Every structure is written in structure tokens, then in C-alpha cells.
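Participant: Here it is, the structure in full.
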Amino acid sequence: MIPLQELIKNTSPEKALALLADKFPGEIVFSTSLGYEDQVVSHIIFSNNLPIDVFTLDTGRLFNETYSVLNSTLERFQTPIKVFYPQTEALEKMVSNKGPLSFYESIDNRKECCFIRKVEPLKRALKGKKIWITGIRSEQSGNRQDMPLLEWDEGNQITKFHPILHWTLDEVKAYIIKHNIPYNPLHDRGFVSIGCAPCTRAIKDGEDFRAGRWWWEQNDKKECGLHSK
């Protein structure tokens, strides 16, 4: 049996995704946050009619611009994107006990909010799948510089594939323009990484890619728990 690494070695994102979709029918899924990178991957999947399920997480705190991108993407490709929401009971309990802005009060509170709104829904979305496609790029974080295209995610017990891992931001933008792909206008206003509205701001010149996420925290490795790196 050919190892997966060898199967996709030196292939284009389109061919690699097609090969994985063929090898894991019904067991491969792509998670989109509707940002620049994920719109590129969605376009590759939808325009090539690849049998890969696509889903997104609606935390209930997204920017209106993000919802507009979702709507435009559905209209453009005429292909469903499954939406996963937080468990109602857990969300109601957190907000009732701690208020709607508890995440500003401590890192533990913020991680609790991220878990309820994002991590738990993600686990439901990945259940029964073997391959998880992401739009991660190595440029996005110092922790991702040595990340392999294909890796094992211990927390979710699934293999992750990053088809545009080595693309630059300029390459991503050029692809968006070339194919006239809907994208979030917040990117044009300095928002590089776009998550929940209360937790995301535009970055300033010279700031790190992740500086706009949870900017009030004094922490060099700020993650929500969806990805370990």
C-alpha cells in the first residue's frame, strides 16, 4: 500500500484532494471559516466537483461580513455548506452564569467560550471522518513553519491535510482575483485572521498575523483549540 505522504507528494492541491477523496469516499471533510485561504480551497473543491463534504462553524458571534461571504459562496457554487452550531444548553448555561462577555475576564473563560462555540461543534463535524482538510498556511504562524502537508491530529484522532500550506498570501490573493471568488471585505481593512467579532481586530503594520485575535491576552501562543499549532 502506498503511504499517503507518497500518494500526494509533488502533486497540485487539486490532484491531491482528488486522490484523497477517491481513497476515502465519504470520510473526507473540509472545514471553512470563509477567510481568504478557505475560499481558495472551497473553490478547488466545488469547481472540480470533488466529493468532499464542506462545513463551517457558526459560533453565533460572527461578523455580518462573514455571513455575507457564506451567502455569496452558496449562490456562486450552488453546493451546500453544512453549518454546525454550539450546543444550546451549554451556551445558555455559560452566558446565564457569566454574561455575554466573560471571555474578556480571563484566559480560562475565553477558552471555555471557544470550546463551547467552536471546539465541541468541530468534534461533531469530524465524527466518523478520516481526513480533515484545512486552509492552514505556514506563513500564518511561527509554529507552523515546519508543519508537514499531512499530519496526525491526536486530539481529534484524524489525519489533517493542508493543501495550500506553502502558498504565500500574495499567491492566495492572486488566486482569489483570477477566479473572482467571493471574499470577506474585512480583509481589505486589515483583518488578516477573522474569527468572532468581539475577539478579532485589524492588525497594524508590522504586527504578527495572529495579533488581531484575542489581542487583550498577554500570550504568545494564542489558539482557540481547533488547531494545536
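Readers should treat all values here as calculations from the given coordinates under stated rules, not as data from a laboratory. Since this is a predicted model, take the numbers as computed values, not measurements. Positions of Cβ are generated from backbone atoms using ideal geometry, with glycine treated the same way; all protein chains shown enter the neighbour counts.
Participant: So what's the chain giving for Cα Rg divided by 2.2 N^0.38 Å, two decimals?
Facilitator: 1.00
Participant: Could you give the angle, 0 to 90 degrees to the nearest 10, between helix 13-23's Cα long axis and the longest principal axis of the Cα atoms of the chain?
Facilitator: Once rounded, the angle reads 80 degrees.
Participant: Show me, for segment 81-97, the HN-Hα J-couplings you get by feeding each phi into the Karplus relation (A = 6.51, B = -1.76, C = 1.60, θ = phi - 60°), rounded to Hz, glycine and proline as x.
Facilitator: 10, 6, 10, 10, 10, x, 5, 4, 4, 5, 5, 4, 5, 4, 5, 5, 7
Participant: Where in segment 61-161 are there trypsin sites (Lys or Arg not before Pro) that are in a DSSP coil and have at most 11 other Cβ atoms within 10 angstrom of their Cβ? Before the final figure, lay out the partial values.
Facilitator: Details: sites: R61, R76, K82, K93, K98, R110, K111, R117, K118, K123, R124, K127, K129, K130, R137, R144, K160; in loops: R61, K127, K129, K130, R137.
Loop-located and lightly packed - K127.
Participant: Run the helix sum for the chain: -39,500 (n - 2.57) per DSSP H stretch of 4+ residues, divided by residue count, reported at 222 nm to the nearest 500 deg cm²/dmol.
Facilitator: Taken over the chain, the calculation gives -10000 deg cm²/dmol.
Participant: Please determine, in degrees from 0 to 90 and to the nearest 10, the orientation of helix 169-178 with respect to the longest principal axis defined by the Cα atoms of the chain, where the helix direction is its Cα long axis.
Facilitator: 70 degrees
Participant: From the phi angles alone, apply the Karplus equation (6.51, -1.76, 1.60; θ = phi - 60°) to segment 128-134 and give each ³J(HN,Hα) in whole Hz, x where the residue is Gly or Pro.
Facilitator: Couplings: x, 9, 10, 10, 10, 8, 10 Hz.
Participant: Hey, another quick one. Filter the cross-link list K9/K204; K123/K178; K15/K130; K129/K173; K15/K129; K93/K129 down to pairs whose alpha-carbon distance in this structure exceeds 25 Å. If you can, show how the numbers build up before the last one.
Facilitator: Numbers: K9/K204 37 Å; K123/K178 34 Å; K15/K130 18 Å; K129/K173 30 Å; K15/K129 20 Å; K93/K129 30 Å.
From the list (K9/K204; K123/K178; K15/K130; K129/K173; K15/K129; K93/K129), the Cα-Cα distance tops 25 Å for K9/K204; K123/K178; K129/K173; K93/K129.
Participant: Given R₀ = 22 Å, what would the calculated FRET efficiency be for N71 paired with A202, taking r from the Cβ atoms and rounding to 0.05?
Facilitator: Once rounded, the FRET efficiency stands at 0.45.
Participant: Can you give the angle from 0 to 90° between the axis of helix 36-47 and the longest principal axis of the chain, with both taken from C-alpha atoms, to the nearest 10?
Facilitator: Once rounded, one gets 40 degrees.
Participant: Right, next: Could you calculate the contour length gain from A174 to Q218, that is, 0.36 nm times the residue separation minus the distance between their Cα atoms, to one decimal place in nm?
Facilitator: Using 0.36 nm per residue and subtracting the Cα-Cα distance, I get 12.4 nm.
Participant: Under 19 Å Cα to Cα from K98, which lysines show up? Leave out anything in the same chain fewer than 8 places away.
Facilitator: K111, K118
Participant: Next up: So for H179, H162, H43, fewest C-beta neighbours within 10 Å to most, what's the order?
Facilitator: Ascending Cβ contact count within 10 Å gives the list H179, H43, H162.
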